[in-house]
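S.K.: A single structure is presented below for examination.
Read the figures in this text as sums done on the coordinates, not as results from a lab. For clarity, every value in this text was computed on a predicted model and none was experimentally measured. So basically every Cβ, Gly included, is an ideal-geometry build from the backbone, and we count neighbours across all protein chains shown.
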Amino acid sequence: MRLEEIPGQNHLKSYFKKVISENRMPHALLLVGDEGFGPLAFANGIATLLQCNNAIDFVACGVCSSCVKSTQYIHPDIHFSFPVVKHDKFKREDTTSKNFLPEWRTFLQSNIFGDLNDWLNHINASDKGANMNVTECNGIIKNLSLKTYEGKYKIQIIWHSELLGKEGNRLLKLIEEPTPESIIILTCTNRNAILNTIRSRCQIVNVPPIDDDSIGTYLENNFSINGDQVNEIKYLASGNLRTASQIASRSQMNYSEDMLNWFRYAYKADPDDLNEWVTYLASKSKQDIKTFMRYTLHFLREYLLGMNLKETNSLRLSNEEKNVILKMQKIINRPKTEQLSFIFSKNIGYIDRNLSIKILIMNMTLEINEILRSEINKFV
Ligand SMILES: [Zn+2]
C-alpha cells in the first residue's frame, strides 16, 4: 500500500514525507493506534516510499519494480513478523510468520485495517494464544543482518509488537545498534502493553482516528449504500475504518429511522405495532442489533450534547438526524435521555448471553415506554 491510498490522515502523511525528505527516518519507529486507524497501512506506506526507485516529491511512484513488489507485499527487503499460532506442518516452537506468508499477503490485500481477530479468522485459527516466539525473534535478527537484495533499506515490520512478549528483549541490541540501512517499524494498539525496554528505544508516533469525511468518501467508494447511511456510519465509526467497513458491509438498517420508530412504538404501546417491531428487530443478527444499539447510544450522547450547547451545528450527526432531534425535543428531556442511555448500555451487554432476543427487545420496549410516559407529553 502507498501512503496516498490511506484514507485521510493527511497530517501524518505529510509528517512522514518531511521526516524522510530530511533524512531523519528513525531506525526504530513504533506506530501506536487502533488497527482501524491504519498503523499497519502506514508501516507499509512508509516502507513502499523508502524503497521506491522513482519517488517524485516523496510520493512513491507505484509503477517501478520496487513499488510493484512492495504493494504486492513480496519485496525481498521488506520483512514481516506478526502473531501466529501453531502451523499444521510444524511444531509450535518452529512455527514463525514465514510459514503464514501467503495468507498474510492476502490479508494485507483484503483487510489491511483488520485487527488480530480478523487475522486469526483469516487463518482459521481459534487459538487465542497467538504470539511471536523465540524462533521469530531470531529470524528478525537474521533478516536484518543480511545484505539488502535489491532495496535501499532492509525493513522489518512487526505487527502487534506487544505480542513479542519477553522474547522481544532479544531485539534490544538490534534496535539500539542497528545495522546500516536497517529500519524496524513496530505497530501496536496499546503502548503500555509493549515491553518497556523496547518502547524506550523507539521513536513513538501516534496514529490518530481518521476524519469523518474521509471515512465517508471511503464508504461511498467501496459500498453500495445511500448517502444517509454513509453519514450515519461515518459518525458511528469514530474514525475507525475497520468499524465503518464492518457496519457498512452488514447493515441493511436505517438506524435513525429505526430508532425513532422504536421510540414511537414504545410510546404508543399498540400491541400489534410492538409485535411487528420486536419480530423485525429480532430477525437481525446479534451483531447488527448490537451495532444498532451502539448507534442509539451515540445518538443519545450527541443529543445530550446538543441540549447543552443549544445548537446542532457541531454535532456528529447527519442533517436528517438533526431533524430527528428537533422532533424528539418535545418529548425527551435530559433526565429521560440519561435513563434511555442507561437502558441501551445495559442491554448491549445482555445480547451475547444465551437468552431470547425477542424477550430482551420487548422488555427494553416496555422500559422505554415507562421512561417516555413518565411525564405527560405528546410524541409526534
Ligand atoms: Zn516506485
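S.K.: Let's see if you can work this out: charge +1 on each Lys and Arg Cβ, -1 on each Asp and Glu Cβ, no other charges. What is the dipole magnitude of segment 106-192 about its Cα centre, in debye to the nearest 20?
M.R.: About 220 debye.
S.K.: Still on this structure, please answer the following. Starting from the Cα of LYS268, draw a straight line to each of the lysines and keep only those under 18 Å, dropping any in the same chain fewer than 8 residues away.
M.R.: Once the sequence-local lysines are set aside, what remains near LYS268 is LYS327, LYS330, LYS336, LYS378.
S.K.: OK, next. Given the -39500 (n - 2.57) contribution per DSSP H run of 4+ residues, what per-residue ellipticity at 222 nm results for the chain, rounded to the nearest 500 deg cm²/dmol?
M.R.: Result for the chain, helices only: -15500 deg cm²/dmol.
S.K.: Apply 1/(1 + (r/R0)^6) to the Cβ-Cβ distance of ASN354 and SER14, taking R0 = 41 Å, and write down the FRET efficiency to the nearest 0.05.
M.R.: Once the sixth-power term is evaluated, E becomes 0.25.
S.K.: What residues have an amide H closer than 5 Å to that of LEU30, excluding those fewer than 5 places away on the same chain, when H is modeled at 1.01 Å from N in the peptide plane?
M.R.: Residues meeting the amide H criterion: LEU186, GLN203, ILE204, VAL205.
S.K.: Averaging over every viewing direction, what projected area does the convex hull of the Cα atoms of segment 171-275 cover, in nm²?
M.R.: For the Cα atoms of segment 171-275, the hull's average projected area reads 11.0 nm².
S.K.: Determine the sum of side-chain charges near CYS202: Lys and Arg each +1, Asp and Glu each -1, restricted to other residues whose C-beta is under 12 angstrom from that of CYS202.
M.R.: +2
S.K.: May I pose another question? Report, by chain and number, residues whose modeled amide H sits under 5 Å from the one on ASN131, excluding near sequence neighbours (fewer than 5 apart, same chain).
M.R.: Sorted by chain and number, the residues that satisfy this are VAL84.
S.K.: If you stretched the chain out fully between GLU5 and LYS152, how much longer would it get, using 0.36 nm times the residue separation minus the C-alpha to C-alpha distance? Don't skip to the end; give the middle numbers.
M.R.: Working: separation 147, 0.36 × 147 = 52.92 nm, distance 2.23 nm.
Using 0.36 nm per residue and subtracting the Cα-Cα distance, I get 50.7 nm.
S.K.: Nearest 10 degrees, 0 to 90: what angle lies between the long axis of helix 212-222 and the longest principal axis of the chain (Cα atoms)?
M.R.: It works out to around 80 degrees.
S.K.: Enumerate the amide H contacts of LYS154 below 5 Å, restricted to partners 5 or more residues apart or on another chain; note that Pro and chain-start residues carry no placed amide H.
M.R.: Amide H neighbours of LYS154: SER182, ILE183.
S.K.: Using alpha-carbon positions, what is the distance between the centroids of segment 50-123 and segment 152-214, in Å?
M.R.: Centre-to-centre (Cα) distance: 16 Å.
S.K.: Additional query: Using the reciprocal of the averaged 1/r over all distinct C-alpha pairs, how large is the Kirkwood radius of segment 238-380 in Å? If you can, show how the numbers build up before the last one.
M.R.: Working: mean 1/r = 0.0635 Å⁻¹.
Mean inverse Cα-Cα distance, inverted, gives 15.7 Å.
S.K.: GLU311 to PHE342: FRET efficiency via 1/(1 + (r/R0)^6), r the Cβ-Cβ distance, R0 35 Å, to the nearest 0.05?
M.R.: Details: r = 26 Å, r/R0 = 0.73.
Efficiency, rounded to the nearest 0.05: 0.85.
S.K.: Explain nothing, just compute: Karplus ³J(HN,Hα) = 6.51 cos²θ - 1.76 cosθ + 1.60, θ = phi - 60°, for every residue of segment 48-54 in order, whole Hz, x for Gly and Pro.
M.R.: Coupling constants for segment 48-54: 4, 5, 4, 8, 4, 7, 9 Hz.
S.K.: Of the chain, which part is the longest with no GluC sites (Glu not before Pro) in a loop (DSSP not H, G, I, E, B) and with at most 12 other C-beta atoms within 10 angstrom? Working shown, then result.
M.R.: On the way: sites that count: GLU22, GLU150, GLU311, GLU375.
In short, 151-310.
S.K.: Among residues other than ASP212 whose Cβ falls under 12 Å from its Cβ, what is the net charge (Lys/Arg +1, Asp/Glu -1)? Working shown, then result.
M.R.: Details: positive: LYS234, ARG316; negative: ASP211, ASP213, GLU232.
Within the 12 Å Cβ shell, the charges total -1.
S.K.: Quick one: net charge around ARG353, please, counting Lys, Arg +1 and Asp, Glu -1 for every other residue with C-beta under 13 Å from its C-beta.
M.R.: Charge balance near ARG353 sits at +2.
S.K.: For ASN190 paired with PHE223, estimate the spin-label separation in nm (one decimal), with each label point 7 Å from Cα along the Cα-to-Cβ line.
M.R.: Calculated label separation equals 2.7 nm.
S.K.: With a 10 Å Cβ neighbour count serving as the proxy for reagent exposure, in which order, fewest first, do MET132, MET1 appear?
M.R.: Details: MET132 25, MET1 21.
The fewest-first ordering by Cβ neighbours comes to MET1, MET132.
S.K.: Take the Cβ-Cβ distance between GLN252 and ARG170 as r, set R0 to 56 Å, and report the resulting FRET efficiency rounded to the nearest 0.05.
M.R.: With R0 = 56 Å, the Cβ-Cβ based efficiency is 0.70.
S.K.: Still on this structure, please answer the following. For the chain, which span is the longest to avoid every loop-located (per DSSP) member of trypsin sites (Lys or Arg not before Pro) having at most 11 other Cβ atoms inside 10 Å?
M.R.: 148-309
S.K.: So how long is each side of the chain along the principal axes, counting just the alpha-carbon atoms, biggest first, in Å?
M.R.: Largest first, the chain extends 78, 47, 36 Å along its Cα principal axes.
S.K.: Same structure, new question: Simple spin-label model, 7 Å along Cα-to-Cβ: TYR280 to LEU326 in nm?
M.R.: Using points 7 Å along Cα→Cβ, the separation is 2.4 nm.
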